[in-house]
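Here is the structure we will look at.
The values are calculated or read from the model by the stated rules, or taken from the named source; none is laboratory data. Here the structure is a predicted model, which means the values were calculated and not measured. All Cβ positions, even for glycine, are placed from backbone atoms using ideal geometry, and neighbour counts span all protein chains on display.
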Amino acid sequence: MNERKSVFICTDLEGISGVDHIDMVMKTEEDGYRRACELLMQDTNAAVAGAFDGGADAVYVLDGHGGGKNFIPGMLDPRAVQVKMDDMPKLMKECGATMQIGLHAMSGTMNAFLDHTQSSVSVHDYYFNDMKIGELMQDGVYSGAFGVPCVTVSGDKAACAEAEHFFPGVYTACVKTAKERNIADCLPPEEGARLIYEAAKAGFMHRAEIKPYVLPTPYTVTIEFNRADYCDDVCRWRKDVERLDARTVRSRKTKTETYWDVLL
Ligand SMILES: [Zn+2]
């Protein structure tokens, strides 16, 4: 039985309850984006409450969308502690579970709302070894290296299906379905938050039944970019990557310590 009782929650914006149009995740679209941030706080707090009610004794939260600064000051449940990427190696050693709230499916997923992996502009596909993966798995493989399972995921239907594929037994909260790539049909946000609370609570309670995703080292990370110049940019400053073709680079990973280790 896993006795580590802290939880790490990573948030994104695309899969947040009530976020139903691409404009809402763009920081330049003031009204829609502000509303999206309010909804982000509601979903995040629902997950925090569920984790505590499921038995967690500490909850750490990362504001993960677009480099952060989406959380509205003063609105995070005061029982939770907001953390930064650099805190993760230390945190993972005390966490018994991770949760991913507001996620989206990997690039190229059919019937998915705002599918992408890292950058919808530059990245075509992202791979661990020969396996095409998305951001859900980047987080899953990172926490898995510390023996920590991903127990709860919220997002659109495609993100939840992706989570269930990679993390059997994960508790999912499906809060929307894509109508088109940039438009979604959402549940009422309060209903979405209720599902997230339930999935977080159940996920933490049943964390011992969900296996961490352990990717054996060494492994390779491969990115196929959309154009050769994105590849040129990487190869200019990274001498440790191998260029496979005009648009594709690969790096070889021998350890997973910082979060950057699971990226290229
Ligand atoms: Zn995002």
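Remark: pairs (first residue in the stretch 13-26, near the ligand (Cβ under 9 Å from one of its atoms) and at pLDDT 95 or above; second residue assigned to a helix (DSSP H, G or I) and of a type in the set (Asp, Glu); Cβ separation under 9 Å; 6+ apart in sequence or on different chains) = Gly15/Asp43.
Among strands (runs of 3 or more DSSP E) entirely within the stretch 120-166, having at least 3 residues that are within 16 Å of the ligand (Cβ to nearest atom), over 25 Å from Ser251 (Cβ atoms) and touching a residue at least 24 places away in the same chain (Cβ under 8 Å) singles out 150-156. Of all residues in the stretch 27-60, those satisfying the criterion of being among the aliphatic types (A, V, I, L, M) and within 15 Å of the ligand (Cβ to nearest atom) are Ala36, Leu39, Leu40. Looking across Arg4, Arg35, one residue alone is under 20 Å from Ala178 (Cα atoms) and of a type in the set (Lys, Arg). It is Arg35.
Conditions tested, residue by residue: (1) within 13 Å of Phe113 (Cα to Cα); (2) under 17 Å from the mean Cα position of the chain (by Cα).
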position: Ser6; (1), (2): no, no
position: Ile16; (1), (2): yes, yes
position: Asp20; (1), (2): yes, no
position: Val25; (1), (2): yes, yes
position: Leu40; (1), (2): no, yes
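When we screen Arg243, Arg236, Arg252 for residues that are surrounded by fewer than 18 Cβ atoms within 10 Å (Cβ to Cβ), in a helix (DSSP H, G or I) and charged (D, E, K, R), the only hit is Arg236. Against the criterion of being within 16 Å of the ligand (Cβ to nearest atom), touching a strand residue (DSSP E or B) at 6+ places or on another chain (Cβ under 7 Å) and modelled with pLDDT of 95 or more, Asp115 does not qualify.
Would you mind finding the one in Pro89, Pro78, Pro73 that is closer than 19 Å to Val25 by Cα, surrounded by fewer than 22 Cβ atoms within 10 Å (Cβ to Cβ) and either of a type in the set (Phe, Trp, Tyr) or away from the ligand (no atom under 15 Å from the Cβ) (or both)? Break it down into steps so the answer makes sense when it comes.
Numbers: Pro89 fails: closer than 19 Å to Val25 by Cα; Pro78 fails: closer than 19 Å to Val25 by Cα.
One residue alone meets the criteria, Pro73.
None of Ala105, Ala193 is aliphatic (A, V, I, L, M), touching an Asp or Glu at 6+ places or on another chain (Cβ under 7 Å), assigned to a loop (DSSP other than H, G, I, E, B) and closer than 25 Å to Gly68 by Cβ except Ala105. Applying the criterion of at least 2 residues that are within 30 Å of Ile210 (Cα to Cα) and in contact with a helix residue (DSSP H, G or I) (Cβ under 6 Å, 6 or more places away or on another chain) to the strands (runs of 3 or more DSSP E) found wholly in the stretch 1-93 leaves 6-11, 58-63.
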